[in-house]
Amino acid sequence: MHVTHLSLADFRSYARAEVPLDPGVTAFVGPNGQGKTNLVEAVGYLATLGSHRVASDAPLVRMGADRAIIRAQVRQGERQQLVELELNPGRSNRARINRSSQVRPRDVLGIVRTVLFAPEDLALVKGDPGERRRFLDELITARSPRMAGVRADYERVLKQRNTLLKSAALARRHGARRGAPAARADAGPGADLSTLDVWDQHLARAGAELLAQRLDLVAAIQPLADKAYEQLAPGGGPLALEYRPSAPGEAHTREDLYAQLMAALADARKQEIERGVTLVGPHRDELLLKLGQLPAKGYASHGESWSYALALRLASYDLLRAEGNEPVLVLDDVFAELDARRRERLAELVAPGEQVLVTAAVDDDVPHVLSGARYAVADGTVERL
């Protein structure tokens with residue numbers, strides 16, 4: 001799969017941009033702050049419905065514009081598709097596939113697939129657990145686009161359940177100040193928790209599906225990540241991934257995971273009501289990254305952390321390619337962050353990709369093995385050299 005043409009309207013710094021793309025390597029070269037990353041960010045947004053740089057859509061719309069449009073022509077084998085997203089901050093985004101307007105944004109997931117390397121990837125190793133959960137969930141959705149719906153359902157139920165628990169916590173505190181009788185463990189004074197059991201079931205059902213997919217993914221990516229780390233830093237491993245659920249247990253089937261989550265929710269109910277927040281579920285789980293016998297976070301050097309993050313991305317690429325749909329590889333200002341040895345090793349590993357998009361401040365930052373098309377990016381223009 002590769003993108004043959006990228007069109008932008010009022011996206012980031014671009015009022016308009018038309019960029020034809022070829023298979024193989026394409027490098028966008030220009031000084032910092034000129035819009036190189038904006039181009040690959042747009043491709044990544046089509047693949048994930050999100051940016052690797054910001055959490056909301058508002059910064060993606062050019063100043064003074066009401067909306068932004070990302071459009072891409074995509075070829076997979078002999079099949080071509082035109083996919084378009086219209087970003088409307090504060091309102092619902094819109095999507096079109098082959099000019100049809102009768103699709104939801106998440107229906108475009110799977111048409112474009114990317115694996116993106118960026119300086120922000122260091123947070124996979126050094127950041128908080130949310131960074132690693134996001135990594136897993138985006139890769140899960142790339143493997144199975146229907147999981148976008150499961151993730152949305154889980155977030156919706158979690159929000160509703162937290163609202164109910166917060167109301168109960170506030171009611172308990174209010175009742176305590178007024179000298180109300182002590183409340184039962186499963187209810188707060190003046191709070192209606194009659195629907196909490198129903199929300200528990202919904203949370204556990206969606207959570208079990210998400211948890212099952214994460215466990216399957218960790219098992220699949222573990223050997224690939226270990227292999228990639230050895231290629232990047234020979235003799236520096238071994239590397240290990242350990243998934244730690246907030247609901248303890250050894251279950252693996254969806255039904256057993258559902259029962260495990262329900263039991264954990266029941267055990268945590270009193271504490272959840274006291275604190276007003278859901279304490280059990282995939283949103284509280286952790287992916288522990290280990291290098292040798294020690295956690296990578298806090299023990300790995302800067303170079304080792306970089307190699308670890310790159311190994312996770314390379315493993316993602318190998319997994320998606322093995323499952324039959326080779327993704328677009330995006331290397332956003334990565335080579336400037338690496339020493340010469342890691343730079344050359346990474347370039348050799350990704351060079352055979354069907355489509356590789358690279359950004360760099362200067363042409364010398366792009367290793368020679370990544371020869372291909374070059375674009376100069378400056379002052380909001382993209383010109384092929």
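The values are calculated or read from the model by the stated rules, or taken from the named source; none is laboratory data. Values in this document were obtained by computation on a predicted structure and should not be read as measured data. A quick note on method: Cβ atoms are made from the backbone with ideal geometry, for glycine too, and the neighbour counts reach across all protein chains shown. Only protein heavy atoms, including side chains, enter the accessible area calculation; ligands, DNA and RNA are left aside. Shrake-Rupley method; radii C 1.70, N 1.55, O 1.52, S 1.80 Å.
Determine whether T37 is in a strand (DSSP E or B) and either open to solvent by 20 Å² or more (accessible area, probe 1.4 Å) or not acidic (D, E) (or both). It is false that T37 is in a strand (DSSP E or B) and either open to solvent by 20 Å² or more (accessible area, probe 1.4 Å) or not acidic (D, E) (or both).
Sort through G50, G24, G44, G30 and tell me the only one that's open to solvent by less than 50 Å² (accessible area, probe 1.4 Å) and under 16 Å from A378 (Cβ atoms). Can you show your working first?
Numbers: G50 fails: under 16 Å from A378 (Cβ atoms); G24 fails: under 16 Å from A378 (Cβ atoms); G44 fails: under 16 Å from A378 (Cβ atoms).
Testing whether each residue is open to solvent by less than 50 Å² (accessible area, probe 1.4 Å) and under 16 Å from A378 (Cβ atoms) leaves just G30.
Considering the range 223-235 alone, what residues qualify as being open to solvent by 30 Å² or more (accessible area, probe 1.4 Å) and either in contact with a His (Cβ under 9 Å, 6 or more places away or on another chain) or in contact (Cβ under 8 Å) with a residue 12 or more places away in the chain (or both)? Let's see the steps before the verdict.
Narrowing the range 223-235 to residues open to solvent by 30 Å² or more (accessible area, probe 1.4 Å): 223-224, 226-227, 230-231, 234-235.
Result: L224, D226, K227, Q231.
If only residues of the range 332-379 that are over 21 Å from E41 (Cα atoms) and among the small types (G, A, S) are counted, the one that is modelled with the highest pLDDT is S371. Take the conditions (1) open to solvent by 60 Å² or more (accessible area, probe 1.4 Å); (2) free of Cβ contacts under 8 Å to residues at least 12 places away in the same chain; P295 misses just one of them, which is (1). Taking each residue of the range 136-160 that is within 15 Å of V115 (Cα to Cα) and looking for partners that are hydroxyl-bearing (S, T, Y) and assigned to a helix (DSSP H, G or I) with beta-carbon atoms closer than 7 Å, six or more apart or interchain, yields E138/T48; L139/S316.
Inside the range 84-129, residues that are over 18 Å from S316 (Cβ atoms) and part of a helix (DSSP H, G or I) make up a count of 6. When restricted to residues that are farther than 24 Å from A219 by Cβ and open to solvent by less than 20 Å² (accessible area, probe 1.4 Å), the range 133-163 contains 3.
Within the range 101-123, is even one residue at pLDDT below 95, hydroxyl-bearing (S, T, Y), farther than 22 Å from E326 by Cβ and out of contact with any strand residue (DSSP E or B) (no Cβ under 8 Å at 6 or more places or on another chain)? Within the range 101-123 (the criterion being at pLDDT below 95, hydroxyl-bearing (S, T, Y), farther than 22 Å from E326 by Cβ and out of contact with any strand residue (DSSP E or B) (no Cβ under 8 Å at 6 or more places or on another chain)), the answer is no, since none of the residues qualifies.
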